[in-house]
Amino acid sequence: MRDFQFKKNRLLCEGVDLEKIARKEGTPVFVYSRKSLLGRFNEIKDAFKEIDPLVCYSMKANSNLSICRLLVKAGAGLDIVSGGELFRAKKIRVSLNKIVYASVGKTDDEIRDALGSGILFFNVESVAELKRINIIAKSLNRKQKVAIRINPDVDAKTHHYITTATKQNKFGIDIKTTNNIFLSYAKKLKNVDICAIHMHIGSQIETVNPFVQAVKKSVALIDDLNSKGACITHLNIGGGLGIIYKDEKPQTAGQYAKAILPILKNKGLKLILEPGRFIAGNSGVLLTKIIYVKDTHVKRFYIIDAAMNDLLRPSFYKAYHEIIPVKKTKGGKKKSADIVGAVCESGDFLAKQRLLPDNLKQNDILAVMSTGAYGFSMSSNYNSRKRAAEVLVNGKKYQLIRIRESYGDLIRNEIVANV
Ligand code: PLP
């Protein structure tokens, strides 16, 4: 996390002291680095620049409007998965023809809305969906470009909750059925132009091998289909690039491109990428305050004002996030502790058995690192907790990009029935 560094024993984001943000804006608060977000976006775009890819930032990683706007202004398209994400995309004035839309369960309303908006591709995940898109496109007198999301059946060797391309997963269409779509439906369905192949094999993938296998399968399929009369012009290889949370050594953007580009050589395909975590993950931290230090006979707990509703990944995936005090103190021993929230679940923890300075006390601020992706976007109001504020740092300044929720927000759409 290059843009989050200690200077004079205080943790800064770019040029801003994180403790100052925490004291001024309150906690929990997510803090993102503009420089890091843009840096990561440019890393991946530049790695593939010889073929001028379309990089569609995967909004689900972090869909804050300011963050998406920042990336869109830098040239990104967007990968969306719902009508809600399309709504967000429209708010930030993205070119709609730079939007790709995946999801196994697009509803008629969502399809109609996206079709009417003029998105680039639907990434189609079933034959039933393909037929629906065709019917709706016909009713709107449109011909819509679609990609078939194939399930290349490769094991991405990542957490089973974020593996998406084995036969056991709900995502995509197997190769045999894809062949059948081109043979049986491509000509029949007059209102769809099936001109792309899409794949996304999982997330937090640390080695290039699974990507290479899957891209090779996709390209072989495209060659075969095109030789039989199809006209496939685009290949979307999804997202999935892993990042460093602890001591992982994931492939760099350069290594990734170096492995993928030769497979695409002379194929004349337009490449689309959908990175999410790679761009946002190491670009953000979650700041939280210690509410209580609780020593039991067996262990120490730091009870903090963030919880699983703010950051679900540790509870959900047993994910590791480094947790560090924003102020370094001299000397002091380390002591193992569990860092837990106030939610009424034993699964509510941000870390277990972590070595932290044993002199930490109430009101101290901790930074939960690498929480820029799948942090706020997976947060909830469980236990009627208000969702956190978000801040974007730019050099020595910062801006609030989401106001902390109020209690009023919690009940905004509820109706007290006449009971
Ligand atoms: N594309 C699709 C279709 C996805 O489902 C996801 C994540 O689930 C992504 C891209 C982004 O993945 P990552 O954040 O690992 O880059």
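The values are calculated or read from the model by the stated rules, or taken from the named source; none is laboratory data. Given the structure is predicted, the values throughout are model-derived calculations rather than measurements. When we count neighbours, we look across all protein chains shown, and the Cβ atoms used for this are built from the backbone with ideal geometry, even at glycine. Surface areas here come from the heavy atoms of the whole protein model, side chains and all, with no ligands, DNA or RNA. Shrake-Rupley method; radii C 1.70, N 1.55, O 1.52, S 1.80 Å.
Just a few scattered comments:
- Members of region 333-356 found to be of a type in the set (Ser, Thr, Tyr) and in a strand (DSSP E or B), listed by number: Ser336
- Every pair of residues 6+ apart whose Cβ atoms lie under 8 Å, when the first sits in region 355-376 and is within 22 Å of Ser33 (Cα to Cα) and within 16 Å of the ligand (Cβ to nearest atom) while the second is assigned to a loop (DSSP other than H, G, I, E, B) and among the basic types (Lys, Arg): Phe376/Arg387
- Qualifying residue in region 277-289 (condition: without any contact (Cβ under 8 Å) to a residue 60 or more places away in the chain and more than 20 Å from the chain's Cα centre (by Cα)): no
- Positions within region 248-274 being part of a loop (DSSP other than H, G, I, E, B) and either within 16 Å of the ligand (Cβ to nearest atom) or aliphatic (A, V, I, L, M) (or both), in sequence order: Glu248, Pro250, Gln251, Thr252, Leu269, Glu274
- Residue list for region 200-212, filter: under 16 Å from the mean Cα position of the chain (by Cα) and either assigned to a loop (DSSP other than H, G, I, E, B) or away from the ligand (no atom under 14 Å from the Cβ) (or both): His200, Ile201, Ser203, Gln204, Glu206
- Test: residue in region 129-139 that is modelled with pLDDT under 95 and outside any strand (DSSP E or B): no
- Filter result for the condition that a residue is farther than 25 Å from Ile324 by Cβ and among the charged types (D, E, K, R), over Glu14, Glu50: Glu50
- Residue in region 351-373 that is open to solvent by 30 Å² or more (accessible area, probe 1.4 Å) and within 30 Å of Glu85 (Cα to Cα) present: no
- Exactly one residue out of Ile92, Ile21, Ile136 is in the same structural domain as Leu269 (by TED's automatic domain parsing), open to solvent by less than 10 Å² (accessible area, probe 1.4 Å) and more than 15 Å from the ligand (Cβ to nearest atom), and it is Ile136.
- Residues satisfying the stated conditions in region 42-59, i.e. over 21 Å from Leu115 (Cβ atoms) and either away from the ligand (no atom under 12 Å from the Cβ) or surrounded by fewer than 22 Cβ atoms within 10 Å (Cβ to Cβ) (or both): Asn42, Glu43, Lys45, Asp46, Ala47, Phe48, Lys49, Glu50, Ile51, Asp52, Pro53
- Across region 183-195, a minimum of one residue is classified as surrounded by fewer than 18 Cβ atoms within 10 Å (Cβ to Cβ) and of a type in the set (Phe, Trp, Tyr).
- Summed over region 199-233, the residues that are open to solvent by 10 Å² or more (accessible area, probe 1.4 Å), more than 15 Å from Ile260 (Cα to Cα) and not hydrophobic (A, V, I, L, M, F, W, C) give a count of 9.
- Selection status of Lys335, among the basic types (Lys, Arg) and closer than 26 Å to Gly281 by Cα: no
- Selection status of Thr177, of a type in the set (Ser, Thr, Tyr), modelled with pLDDT of 95 or more and more than 13 Å from the ligand (Cβ to nearest atom): no
- Residue-level analysis places Ile99 among those that are of a type outside the set (Ser, Thr, Tyr) and either within 23 Å of Arg40 (Cβ to Cβ) or surrounded by fewer than 21 Cβ atoms within 10 Å (Cβ to Cβ) (or both).
- Breaking point among (1) in contact with a His (Cβ under 8 Å, 6 or more places away or on another chain); (2) open to solvent by less than 10 Å² (accessible area, probe 1.4 Å); (3) within 16 Å of the ligand (Cβ to nearest atom), for Tyr245: (2)
- Of all residues in region 384-397, those satisfying the criterion of being in contact with an Asp or Glu (Cβ under 9 Å, 6 or more places away or on another chain) and within 16 Å of Pro28 (Cβ to Cβ) are Arg385, Lys386, Arg387, Ala388, Ala389, Val391.
- Options Lys228, Lys270, Lys289: the member that is in contact with a strand residue (DSSP E or B) (Cβ under 6 Å, 6 or more places away or on another chain) and more than 25 Å from Ile99 (Cα to Cα): Lys289
Here's the yes/no breakdown for (1) within 16 Å of the ligand (Cβ to nearest atom); (2) assigned by TED's automatic domain parsing to the domain that holds Phe171:
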{"residue": "Leu71", "(1), (2)": "yes, no"}
{"residue": "Val81", "(1), (2)": "yes, no"}
{"residue": "Phe87", "(1), (2)": "no, no"}
{"residue": "Glu110", "(1), (2)": "yes, yes"}
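- Positions within region 302-332 being open to solvent by 30 Å² or more (accessible area, probe 1.4 Å), in a helix (DSSP H, G or I) and out of contact with any Gly (no Cβ under 8 Å at 6 or more places or on another chain), in sequence order: Phe316, Tyr317
- Test: residue in region 383-394 that is open to solvent by 50 Å² or more (accessible area, probe 1.4 Å), assigned to a strand (DSSP E or B), closer than 25 Å to Cys68 by Cα and touching a helix residue (DSSP H, G or I) at 6+ places or on another chain (Cβ under 9 Å): yes
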